[in-house]
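The structure appears right after this line, and notes come after that.
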Amino acid sequence: MKKITAFLLIVLFGFGLTSCGSSNGAHYGDGGHNDNNGPGVESNGNQVVVDTGHKIIYSVYYTIQSDDMQKVIKDINARAYYFEGYISSSTQETDNYADFVYKIPTGHLNEFLDFVDTNDGIGSKRITTEDVTSAYNSIQAQINTLEASKTAYERMLAEDNLSLDSIMKIRNYIDDINTQLKLLYNKLDSYDAILDYSTVTIHYYQNNAVEKNNFLGDYPKFLSSLGLGIVSFLAYSAPFLLVAGIVCLIIYLVRRKKVKQL
């Protein structure tokens, strides 16, 4: 009886250790899943890029108005470099306005947009997508067909019993196929470049510059209105001024005549 009791205790103790080990393993698994999200990614963040198996081109457009435009530009530029992106083009003629076009690896686009969204003063945000799966697959199919034809011609060219005329014709066919393949591979490379790097365009504005520009923009209108008011006043007052001038002239002449008589 004691042996049975001891055996049951050992079994229960071992079961308890197994349960604790399983619990710790599940907790570690959750932690590993969270780490896979990468830096800056939250469960409620941007979900622009979703793996659907399609070839999608992503373009994002922002306007940002900030009290310190230069700092915002510096921070966003640093984040673009952090995700191994780059500045495709930029325009900044004054300290009040700037245009930047970023190329961001599509795999990090959601994370980059999450960071941009943390900035204050976002005036607008527009996202466009273009599905180029059909065009991409069509080019790939043409390449596959041409590659197969090229292989067949190369096998024919390896035969020993070909005439010189046949050899020349086969080589011309291969040259034509190589020309077509070069064009198609260039198109495919262009698609890959656009698909691998998404475009993010940001228009930056300095807040106080917007107010200043509004004032300067209204100033010519103010001067125009003022000039128009003066002209209108003179036009409406001209008859009265003329009558008043004539009356003053008559009074002056009468007084002068009386002075001479005395």
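Starting from region 90-104, take each residue that is at positive phi and list its partners that are open to solvent by 30 Å² or more (accessible area, probe 1.4 Å), counting only C-beta distances under 7 angstrom and pairs at least six apart or across chains.
That search, which allows pairs on different chains as well, returns nothing.
Given the options 100, 115, name the one that is closer than 21 Å to residue 65 by Cα, in contact with a helix residue (DSSP H, G or I) (Cβ under 6 Å, 6 or more places away or on another chain) and hydrophobic (A, V, I, L, M, F, W, C). If you could, list the steps in order and put the result at the bottom.
On the way: 100 fails: in contact with a helix residue (DSSP H, G or I) (Cβ under 6 Å, 6 or more places away or on another chain).
Answer to the check: 115.
Can you run down the residue pairs with Cβ atoms below 9 Å, 6 or more apart or on separate chains, where the first is in region 45-69 and over 11 Å from residue 106 (Cβ atoms) and the partner is assigned to a loop (DSSP other than H, G, I, E, B) and open to solvent by less than 20 Å² (accessible area, probe 1.4 Å)?
Sorted first by the residue in region 45-69, then by its partner, the pairs are 54/132.
Are any residues in region 157-167 exposed (fewer than 14 other Cβ atoms within 10 Å of the Cβ), assigned to a helix (DSSP H, G or I) and of a type outside the set (D, E, K, R), and if so, which ones?
From region 157-167, those exposed (fewer than 14 other Cβ atoms within 10 Å of the Cβ) are 158-161, 163-167; that's our starting set.
Now narrow it down to the ones that are assigned to a helix (DSSP H, G or I): 164-167.
Correct list: 164, 166, 167.
Take the residues in region 111-136 that are without any contact (Cβ under 8 Å) to a residue 60 or more places away in the chain and open to solvent by 50 Å² or more (accessible area, probe 1.4 Å), then tell me which one is nearest to the chain's Cα centre (by Cα).
Among those that are without any contact (Cβ under 8 Å) to a residue 60 or more places away in the chain and open to solvent by 50 Å² or more (accessible area, probe 1.4 Å), it is 118.
The values are calculated or read from the model by the stated rules, or taken from the named source; none is laboratory data. Being a predicted model, the structure only gives us computed values, none of them experimental. As a convention, Cβ positions derive from the backbone with ideal geometry for all residues, glycine included, and neighbour counts pool all protein chains shown. Ligands, DNA and RNA are stripped out before the accessible areas are found, and what is left, the full protein with its side chains, is counted by its heavy atoms. Shrake-Rupley method; radii C 1.70, N 1.55, O 1.52, S 1.80 Å.
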